[in-house]
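Undergrad: Starting off with a structure, shown below.
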Amino acid sequence: MHGNVIAANSTPPGKGGVAVIRMSGDGALEIAKRVFLPFSGKSLDEYRPRTQIYGYILYNGEKIDDGMLTYFPAPRSYTGEDTVEISCHGGILVTRTVLEALFAAGAVPAEAGEFTRRAFINGKLSLSEAEAIGTLLEATSHEQIRLSASPARAKLQEAIDGIRTSLIDVMSSIYARIDYPDEDLGEFSDEETVARLLSVRERLAKLIDTYKTGRAINEGISTVIAGKPNVGKSTLYNLLVGEDAAIVTDIAGTTRDILERTVALGRVTLRLTDTAGVRSGELDKVEEIGIGRSKDKITSSELILAVFDLSREIDKSDLELIDEIAKADGYKVCVLNKCDLVNEKNPPFDLSLIPKGVFGEVISISADKDNLSAIKTLTELINRLFTDEKISCGQDAIVSSARQHASLLRARSFIDTAIEAYRVGIAADAASSDVEMAIGAISELDGRAVSDSVVSDIFAKFCVGK
């Protein structure tokens, strides 16, 4: 038995033209020999690696399908281990049966993300690259794909490697000066060391600043659409989602519960929530619960789109909603909807009644009648608020995960302490300790120094077969 050989279906479950089943580990080819018989009658050993071989797939000696097999010997494979890929017909039962044949021949089921985890362990990719692959698998927008594709991963790795190398050079010079103070072996003087650390700090700061954009693209911005009943919240929600996901009627209070979707808006990903209309007065129990949930979402969201009916006068419910929004920490946008209905008979919404400083932006739209203009206005506003237009996915190094951001912040903090140590005249060995810890923080980015629990958490989010 080859207990370290893992196997899993690498294509989505369900009916399809072709399914791909992958094995990885020492002994993968031996297991493949038990389940695959080339039509040529040759042994799999007689074929050159990376050659597609046509033959029968066997289960306990019985022919169950015909397909293609490709062998990738270590270390030139995705995982860095011996890897075998079998392509069979994509029926649900036949795919499962082929996988069972591999298990019967000695393979074991792969865990979620185990192929990519082995690639990381075997040095085929860094932890940051593995995270990017996970993002790529879950991508819901073209910008997420650009952020996670190979060119973007390479740019980030290049930036990380450059910072780490610079810090190692500085630390080597510091140690040389400490160990041999009378021989002037250190490459840099104290002044040059500080200058080098300041240069590294500047590069770190530039990379840290990209997180705002990377996070908006990758993780997304928690966004709530709030307002009193019948102001067009659900119409705006449907417009952003791109389909009739929320029921829209002229009856106030149609939306009673929270509706949630993840949508792409330009470069930004929105974790979007439509809420029950917030109002005072007599409420039934269901509406009261819905309004309570709406207020919770207002409190916890990073972006609040507060919708008001521009064609009607501001009333008590509007003012109570504004008071509720004023308490929240998220960025607040006043969305004046139904601007197409404003005329002499319909008095416009009086903005002077809104306390100054509550809303960072005020926009006027018609979500129902002029939806293209509404989408354009919202896209331009939200992208300006949460991304840096000068940053380009695929061209620039971009930090996109909270883990990466935290490591960079720690590294900068250690460098700040080291610089201060030199400036106040503390011994160089004290500064060297901080530089060493900064290198450790940078090493966490690509997995050179990271705990098993962090690694496990990252790969647990992958699908089985990747």
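Undergrad: Estimate the FRET efficiency between Leu372 and His142 by the formula 1/(1 + (r/R0)^6), using the beta-carbon distance for r and 22 Å for R0, to the nearest 0.05. Before the final figure, lay out the partial values.
TA: On the way: r = 20 Å, r/R0 = 0.89.
Computed FRET efficiency for Leu372 and His142: 0.65.
Undergrad: Starting from the Cα of Asp329, step 7 Å along the direction of its Cβ; do the same at Asp161; then give the gap between the two resulting points in nm.
TA: 3.9
Undergrad: Take the alpha-carbon centre of the range 97-119, take the same for the range 27-43, and report the distance between them in whole Å.
TA: Their Cα centres are 17 Å away from one another.
Undergrad: Could you compute the net charge surrounding Gly360? Neighbours are other residues with a C-beta less than 13 Å from the C-beta of Gly360; K and R count +1, D and E count -1.
TA: Values: positive: Lys332, Lys356, Arg384; negative: Glu302, Asp329, Glu361.
Summing Lys and Arg as +1 and Asp and Glu as -1 gives 0.
Undergrad: Return the Rg/Rh ratio of the range 6-110 with Cα-based radii and a Kirkwood Rh. Can you show the working numbers first?
TA: Numbers: Rg = 12.4 Å, Rh = 13.4 Å.
Radius of gyration relative to Kirkwood radius: 0.93.
Undergrad: Mind checking the range 300-381 for trypsin sites (Lys or Arg not before Pro) that DSSP puts in a loop (not H, G, I, E or B) and that have at most 15 other Cβ atoms within 10 Å?
TA: Details: sites: Arg312, Lys316, Lys327, Lys332, Lys338, Lys345, Lys356, Lys369, Lys376; in loops: Arg312, Lys327, Lys338, Lys345, Lys356, Lys369.
Sparse-neighbourhood loop trypsin sites (Lys or Arg not before Pro): Lys327, Lys345, Lys356, Lys369.
Undergrad: Moving to a separate point now. How about the range 8-80: which chymotrypsin sites (Phe, Trp or Tyr not before Pro) there lie in a loop by DSSP and see at most 11 other Cβ atoms within 10 Å? It would help to have the intermediate numbers written out before the result.
TA: Working: sites: Phe36, Phe39, Tyr47, Tyr54, Tyr56, Tyr59, Tyr71, Tyr78; in loops: Phe39, Tyr47, Tyr78.
Here the sparse-neighbourhood loop sites are Phe39.
Read-outs: derived from the displayed coordinates by stated rules, not from any lab. All of these numbers come straight from a predicted model, not from anything done at the bench. Note: ideal-geometry Cβ built from the backbone for every residue, glycine included; neighbour counts use all protein chains shown.
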